[in-house]
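Here's the structure we're looking at; comments come further down.
The values are calculated or read from the model by the stated rules, or taken from the named source; none is laboratory data. Computed from a prediction, not measured in an experiment: that's the story for all the values here. Note that each Cβ is placed from the backbone with ideal geometry, even for glycine, and that neighbours are counted across all protein chains shown.
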Amino acid sequence: MVAVISAKGGVGKTTLSANLAVALHQAGKPVVALDLDPQNALRQHFKAVAGTEENLSATGVAQGEQDWFACGMPSDGGVFVLPYGDVDEERRQAFESQLNASPDWLKRHLTAMGLAEGTVILIDTPPGPSIYLRQALSIANEVIVVTLADAASYTALPQADKLIRTYTAGRDDFSGTSYLINQVDGARRLNRDITQILQELLGQQVLGVVHHDPSIGDALAYNRNVLDYDPRGRGCSDILDCCNALGARLAVTPTACAQ
């Protein structure tokens, strides 16, 4: 269980969630990518397996009680995607009330899927505090905080740390928090300086650095992941490095759903 979070929006969290999911699958792990963000954007980073595109707009975890295998999207990259779903405002509010009343909602549904041992579940969450974040942090074995190397993101990190401590304190199945510094631009001095400060401050908690690479955004325009779109690009190389680091951490991570 890996919760991907951010203290503020616009840091590329969903894009990195999708590309890390593909990288983990290419490394030989079964992967489920779960979207708990009402923006419902995670599925846009994947291309559905031919013949499964129909009725995707009518499915999603926020649509109500249903079989998650039925509401999921098998992608051509091998990752099984669970979209949030296209819901109106009334349904969203009802769904959030349900999550608030059922703290174990996420754990129950993932357990009911009966996933194979060793499956990695990447959970994309909205930025900042939310009922979705609480659900994800309550079961996550590992948390990845995505941040930019800018002043606003740097000052927002303590808020993320506080939320993580609140919902993971005392859990033996929680292995820790790592940080992914995204969109690093070596041509900008402030960007370089903040990256260095974060690396010195966080030390081994830094999962990796992903440099600014237009190919990462361009891949989304073609409904592809950057690993397939530009496999020789710097962004792809950085994401693969982050995947390797995450794989090493997951190798010693206990499983929450088994408990």
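Here are a few things to note about the model shown:
- Segment 154-175 residues that are in contact (Cβ under 8 Å) with a residue 24 or more places away in the chain, paired with ones that are charged (D, E, K, R) and not in a helix (DSSP H, G or I) (beta carbon under 7 Å, 6 or more apart): Ala156/Lys8; Ser175/Glu142
- Filter result for Leu42 (in contact with a Cys (Cβ under 8 Å, 6 or more places away or on another chain) and on the phi < 0 side of the Ramachandran plot): no
- Selected residue [among the small types (Gly, Ala, Ser), touching a Ser or Thr at 6+ places or on another chain (Cβ under 8 Å) and at pLDDT 95 or above] from Ala3, Ala101: Ala3
- Verdict on Met113 being touching a strand residue (DSSP E or B) at 6+ places or on another chain (Cβ under 6 Å) and either over 30 Å from Ser237 (Cβ atoms) or free of Cβ contacts under 8 Å to residues at least 60 places away in the same chain (or both): no
- Filter result for Val120 (over 21 Å from Ala7 (Cβ atoms) and under 15 Å from the mean Cα position of the chain (by Cα)): yes
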